[in-house]
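Single-structure report; data block below.
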Amino acid sequence: MDLLRFATAGSVDDGKSTLIGRLLYDSKSIFEDQLDAVEAASKARGTEYTDLALLTDGLRAEREQGITIDVAYRYFATPKRKFIIADTPGHQQYTRNMVTGASTADLAIILVDARKGMTEQSRRHATLSSLLRVPHIVLAVNKMDLVGWSEERFNEIYAEFTEFAAKLDVPDLTAIPMSALLGDNVVDRSVNMPWYGGGSLMHHLEHVHIASDRNLQDVRFPVQYVIRPMRNELHDYRGFAGQVASGIIKVGDEVMALPSGMTSRVAAIDGPGGPLEAAQPPMSVTLRLEDEIDVSRGDVICRVGNHPEPTQDVDATICWMDSDALTVGRKLGILHTTRMARAMVKDIAYELDVNTLHREKDVTELGLNAIGRVKLRVTTPLLLDDYADNRTTGSFILIDEATNRTVGAGVVREH
Amino acid sequence: MTATSFSQLDALEAEAIHIVREVVAQMERPALLFSGGKDSIVLLHIALKAFAPARLPMPLMHVDTGHNFPEVIDYRDRVVEQYDLNLVVGSVPDAIERGFVREEPNGSRNRIQTPVLLDTIEKNKFDACMGGARRDEEKARAKERVFSFRDDFGQWDPRNQRPELWSLYNGRVHQGESIRVFPLSNWTELDIWDYINSRGIEVPSIYMAHERDVFHRDGMWMAANEFCQPREGEMIERRTVRYRTVGDATLTAAVLSDADTVDKIIAETAATRLTERGATRGDDRVSEAAMEDRKKEGYF
Ligand SMILES: Nc1nc2c(ncn2[C@@H]2O[C@H](COP(=O)(O)OP(=O)(O)OP(=O)(O)O)[C@@H](O)[C@H]2O)c(=O)[nH]1
Ligand SMILES: [Mg+2]
């Protein structure tokens, strides 16, 4: 059975959590005790109906305020697929948590309130989904019950969204009119909108073609840990443990370790279930090489004719997630695959205006939730690929060296 | 090899191995929380694989409430011997004896185990503790990061978690702070049993259907034993039961079940209409946010 990871996105109160609750409820994926608890909690709050958003809004503060603060992960399966849902917050203050949920998603559902249309936050989330290269986007025009199930209104919002998305990289877009509250077009097709010819959200989730996003071309194996058993009978065992980021590695392949550039051949691949002939993403394996070459954590094993050039200069688009702004000259920790290094901000090329997608060039800092393009100088050479080619070797996080908090997320871009 | 021969269970295993290796590579003094329950058994199995053929590069840590199922303690001790592991025990009965914590009037050691856990972490200077908790267990857990930061009081701050993108885990801490790590975050109860089945992992016998003296309390079947006796009006009956979770023996209930093989457990798990904690755990019933409150205090 295959697995689809999806995330919700959109402005505060557009109905994301209600939609997830409805999806779980109508697909009979809720346990009785969970439903009892949600019914009791709704009653205690004086809500007239069972507030299905409480299925994911599980924190005390979320329930008090009726908003989502942090991502909730939910799991369910149908006979067709297994799903991992990340229900993310719409509130701008918690954009960092939306980014957390969207970074691993195969599909993002961007909700828009049919009464309000696109807001700045809908645009920000669409921009972030595109930046993170979430391959499939669903535009969910929600609360159709409040606009008289109007086809015209749906078409207006669809046009507004596509006009904006035209400036972004959105490879696959599907638009669905719905009512998360009443369940129209969530699991079952709506009887209130006969003008809509497409399928329900659930139908789309079950059938969307997730052509393997995995890059099987370029071998990249970031070394996590060197296994040395320190026992007499295994005296010469030296294994390089890691998770295959991309490409197919086979026993006998000629490989190069970077940044040293030393070459050897793959002598054996040890998987969790025993020896393997080949490994591909996302397998976690241990490679043994024929020669004793120097390899340690942070190094990357590649094929001889296909490898990234080590570089200390990083050009990237980043999402800044801290109230203490990013400024030129600031020093930060950087974690790229398994390499931890230090970085200095050399330049801020521009900040992206999420409303117009205009590139604002005269900026001296990136504030909380800003998206911008920066140049970094790093203490140790990194082995970077373009994020478009490789979600693992093309991404990094920035860490504040005083507080240790994760303050930025970056993707490496050619253009 | 084609992509299809790699199942979603293999993918969960690969993700968990990656996380466990990150813990050992990034942290100075990690430990693996081991209770002898099914999730910690799967986690240990994965951690052993992650470093094979080398030994497990961290000790196990057990917070022993003293309210144990003997089958589970036997299992724990056998595993420790079989894999030549180091076991650190944080003992609640000892802590009561030396006056570090005080027994609660209702006899439950659920809350007082948290200070013992934190004390054991501090004494051993552990900067990371891995546990088998899963996001599908409970609504507060559903919100928690894989690398979950704890301040120097062991507290979780759910409103201020570190962003966690892709598979990049930030394990940086100052002295006294620590990280709780949950490599099985994305597993469901069914995944755990499928994994136990497909990898042929042994589990303590109390997970399989067996006959036991039980009585009915608050809609749950409690075992009658030295820690827990029926009150007035509650009657002991001999029933065929099994456990879905293993926790403090005074709080953990059994479920009526004939499933005496892993295959039958899988069939039952796939069809059940109750969550495992809802069906068996008195500790979550205290209030709507019982788990969140305990986690804020430092519970796993
Ligand atoms: N009439 C109507 N109301 C809806 C619909 N969907 C959601 N709502 C209501 O909108 C309000 C906000 O819903 P939530 O699901 O909490 O919104 P959200 O997008 O998760 O909000 P955040 O997570 O805080 O960003 C609630 O009162 C819902 O009952 C809908 O389709 N129709
Ligand atoms: Mg919400």
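The values are calculated or read from the model by the stated rules, or taken from the named source; none is laboratory data. Computed from a predicted structure; not experimentally measured. Cβ placement follows ideal geometry from the backbone for every residue including glycine, while neighbour counts extend to all protein chains displayed.
Quick look at the numbers
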item	result
Residue within the range B:143-155 that is surrounded by 23 or more Cβ atoms within 10 Å (Cβ to Cβ) and part of a helix (DSSP H, G or I) present	yes
Residue in the range A:153-161 that is within 16 Å of ligand 1 (Cβ to nearest atom) and either touching a His at 6+ places or on another chain (Cβ under 6 Å) or among the aromatic types (F, W, Y) (or both) present	yes
Restricting the range A:34-82 to residues that are crowded, with 18+ Cβ neighbours inside 10 Å and of a type in the set (D, E), the residue that is farthest from A:H207 (Cα to Cα)	A:E62
Single unsatisfied condition, B:L118 versus (1) of a type in the set (A, V, I, L, M); (2) in contact (Cβ under 8 Å) with a residue 24 or more places away in the chain; (3) within 30 Å of A:T392 (Cα to Cα)	(3)
Any chance A:D184 is more than 16 Å from ligand 2 (Cβ to nearest atom) and surrounded by fewer than 19 Cβ atoms within 10 Å (Cβ to Cβ)	no
Within the range B:190-300, strands (runs of 3 or more DSSP E) holding 2 or more residues that are surrounded by fewer than 21 Cβ atoms within 10 Å (Cβ to Cβ) and modelled with pLDDT of 90 or more	B:210-217, B:237-242
Candidates A:I85, A:I110, filtered to the one that is away from ligand 2 (no atom under 13 Å from the Cβ), among the β-branched types (V, I, T), surrounded by 22 or more Cβ atoms within 10 Å (Cβ to Cβ) and at pLDDT 95 or above	A:I110
Count - residues of the range A:50-78 that are more than 7 Å from every other protein chain (Cβ to nearest Cβ) and not in a loop (DSSP other than H, G, I, E, B)	10
Test: residue in the range A:251-263 that is within 14 Å of chain B (Cβ to nearest Cβ) and crowded, with 21+ Cβ neighbours inside 10 Å	no
Which numbered condition A:S42 misses (of (1) more than 12 Å from chain B (Cβ to nearest Cβ); (2) of a type outside the set (K, R); (3) more than 30 Å from A:W320 (Cα to Cα); (4) not in a loop (DSSP other than H, G, I, E, B))	(1)
Hits in the range B:89-120 - residues which are of a type outside the set (S, T, Y), crowded, with 17+ Cβ neighbours inside 10 Å and over 14 Å from B:S178 (Cβ atoms)	B:G90, B:V92, B:A95, B:V101, B:R109, B:N110, B:I112, B:Q113, B:P115, B:V116
Number of the condition not met by A:I137 [criteria: (1) more than 23 Å from B:Y169 (Cβ to Cβ); (2) more than 12 Å from ligand 1 (Cβ to nearest atom); (3) in contact with a strand residue (DSSP E or B) (Cβ under 7 Å, 6 or more places away or on another chain); (4) in contact (Cβ under 8 Å) with a residue 60 or more places away in the chain]	(4)
For A:Q92: the one exception among (1) more than 21 Å from A:H204 (Cβ to Cβ); (2) more than 13 Å from ligand 2 (Cβ to nearest atom); (3) in contact with a Pro (Cβ under 8 Å, 6 or more places away or on another chain)	(3)
Residue list for the range B:16-56, restricted to those being within 22 Å of A:K82 (Cα to Cα) and within 7 Å of chain A (Cβ to nearest Cβ)	B:I17, B:H18
Residue count for the range A:148-160, restricted to those that are part of a helix (DSSP H, G or I) and in contact with a strand residue (DSSP E or B) (Cβ under 9 Å, 6 or more places away or on another chain)	6
Residue list for the range A:344-370, filter: among the hydrophobic types (A, V, I, L, M, F, W, C) and away from every other protein chain (no Cβ under 14 Å)	A:M344, A:V345, A:I348, A:A349, A:L352, A:V354, A:L357, A:V363, A:L366, A:A370
Qualifying residue in the range B:121-139 (condition: surrounded by fewer than 22 Cβ atoms within 10 Å (Cβ to Cβ) and of a type in the set (V, I, T))	no
Verdict on A:I69 being under 26 Å from B:V146 (Cβ atoms) and either over 23 Å from the mean Cα position of the chain (by Cα) or more than 14 Å from ligand 2 (Cβ to nearest atom) (or both)	no
Near pairs, Cβ below 6 angstrom, 6+ apart or cross-chain, from the range A:78-90 (within 14 Å of A:L24 (Cα to Cα)) to any residue that is part of a loop (DSSP other than H, G, I, E, B) and within 12 Å of ligand 1 (Cβ to nearest atom)	A:A86/A:V71; A:D87/A:T56
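Let's see how each residue does on (1) away from chain B (no Cβ under 14 Å); (2) touching a residue at least 24 places away in the same chain (Cβ under 8 Å); (3) buried (at least 17 other Cβ atoms within 10 Å of the Cβ):
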site	(1), (2), (3)
A:L173	yes, yes, no
A:H204	yes, yes, yes
A:G239	no, yes, yes
A:G247	no, yes, yes
